[in-house]
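Below is one structure, written out as structure tokens; comments come after it.
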Amino acid sequence: MAKLGSDVVEPMLGFVVDPLYRISAGKEMGYEADELKPLVTEVIQVVEQVVGSDTFYKIYNTRREAAEATRKKRRADLATEAVANPEKAAQRKVGKADRRKRKADADKAVVRENGGSANSKPKKRKKKEDF
């Protein structure tokens, strides 16, 4: 197995750091992301050893700041849109509520298919003396 040196890894570091940041910071959702966190920590340590702490964290923090700036810009754009175009903002809210309802209905359907009820606890078995 050939080892990659700092001169090979450093130009690609930005592409490596983005997904590592998203998963380690909890920005990715789902059970897969939770399972990947220990692996991501290990990969960060290995990459940090290869390129050096200063270089790695300089690029890591640059990517983190860029992601936060993008997130803030998106929020500001949505707030501006809500003021400038209230009908569109209301449609967005209604659409979001509908998506949540559909997801909840789908989750309930899965529970029903598996033989349970989404809103009730499992029934206790009756003892023979109760018959």
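The values are calculated or read from the model by the stated rules, or taken from the named source; none is laboratory data. Values in this document were obtained by computation on a predicted structure and should not be read as measured data. Positions of Cβ are generated from backbone atoms using ideal geometry, with glycine treated the same way; all protein chains shown enter the neighbour counts.
Among the criteria (1) in a loop (DSSP other than H, G, I, E, B); (2) within 30 Å of residue 93 (Cβ to Cβ); (3) hydrophobic (A, V, I, L, M, F, W, C), the one residue 79 does not fulfil is (1).
Here region 106-131 is the region considered, the condition is being in a loop (DSSP other than H, G, I, E, B) and among the small types (Gly, Ala, Ser), and the residue that is modelled with the highest pLDDT is 115.
Conditions tested, residue by residue: (1) surrounded by 11 or more Cβ atoms within 10 Å (Cβ to Cβ); (2) under 24 Å from the mean Cα position of the chain (by Cα).
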| site | (1), (2) |
| --- | --- |
| 48 | yes, yes |
| 58 | yes, yes |
| 71 | yes, yes |
| 74 | no, yes |
| 84 | no, no |
| 96 | no, yes |
| 99 | no, yes |
| 104 | yes, yes |
| 114 | no, no |
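Of all the criteria given as (1) in contact with a Pro (Cβ under 9 Å, 6 or more places away or on another chain); (2) not in a helix (DSSP H, G or I), the one not satisfied by residue 40 is (2). Among the numbered conditions (1) farther than 17 Å from residue 10 by Cβ; (2) surrounded by fewer than 15 Cβ atoms within 10 Å (Cβ to Cβ); (3) touching a residue at least 12 places away in the same chain (Cβ under 8 Å), the only one that residue 52 does not meet is (1).
Which ones in region 4-18 are touching a helix residue (DSSP H, G or I) at 6+ places or on another chain (Cβ under 8 Å) and under 20 Å from residue 68 (Cα atoms)? So that I can check it myself, show each step before the final result.
Step one: of region 4-18, the residues touching a helix residue (DSSP H, G or I) at 6+ places or on another chain (Cβ under 8 Å) are 4-6, 9-10, 13-14, 16-18.
Answer for region 4-18, where residues must be touching a helix residue (DSSP H, G or I) at 6+ places or on another chain (Cβ under 8 Å) and under 20 Å from residue 68 (Cα atoms): 13, 14, 16, 17, 18.
If you go through region 33-46 and keep only what is surrounded by 15 or more Cβ atoms within 10 Å (Cβ to Cβ) and either over 19 Å from residue 7 (Cα atoms) or not aliphatic (A, V, I, L, M) (or both), you end up with 33, 36, 40.
With 93, 103, 37, 58 as the choices, which residue is at pLDDT below 90 and of a type in the set (Lys, Arg)? Don't jump to the end; show me each part of the working.
Numbers: 93 fails: at pLDDT below 90; 103 fails: at pLDDT below 90; 58 fails: at pLDDT below 90.
Being at pLDDT below 90 and of a type in the set (Lys, Arg) holds for just one of 93, 103, 37, 58, which is 37.
Tell me whether region 16-32 contains one or more residues that are modelled with pLDDT of 90 or more, of a type in the set (Phe, Trp, Tyr) and either over 21 Å from the mean Cα position of the chain (by Cα) or surrounded by 12 or more Cβ atoms within 10 Å (Cβ to Cβ) (or both). The answer is no, given that none of the residues of region 16-32 is modelled with pLDDT of 90 or more, of a type in the set (Phe, Trp, Tyr) and either over 21 Å from the mean Cα position of the chain (by Cα) or surrounded by 12 or more Cβ atoms within 10 Å (Cβ to Cβ) (or both).
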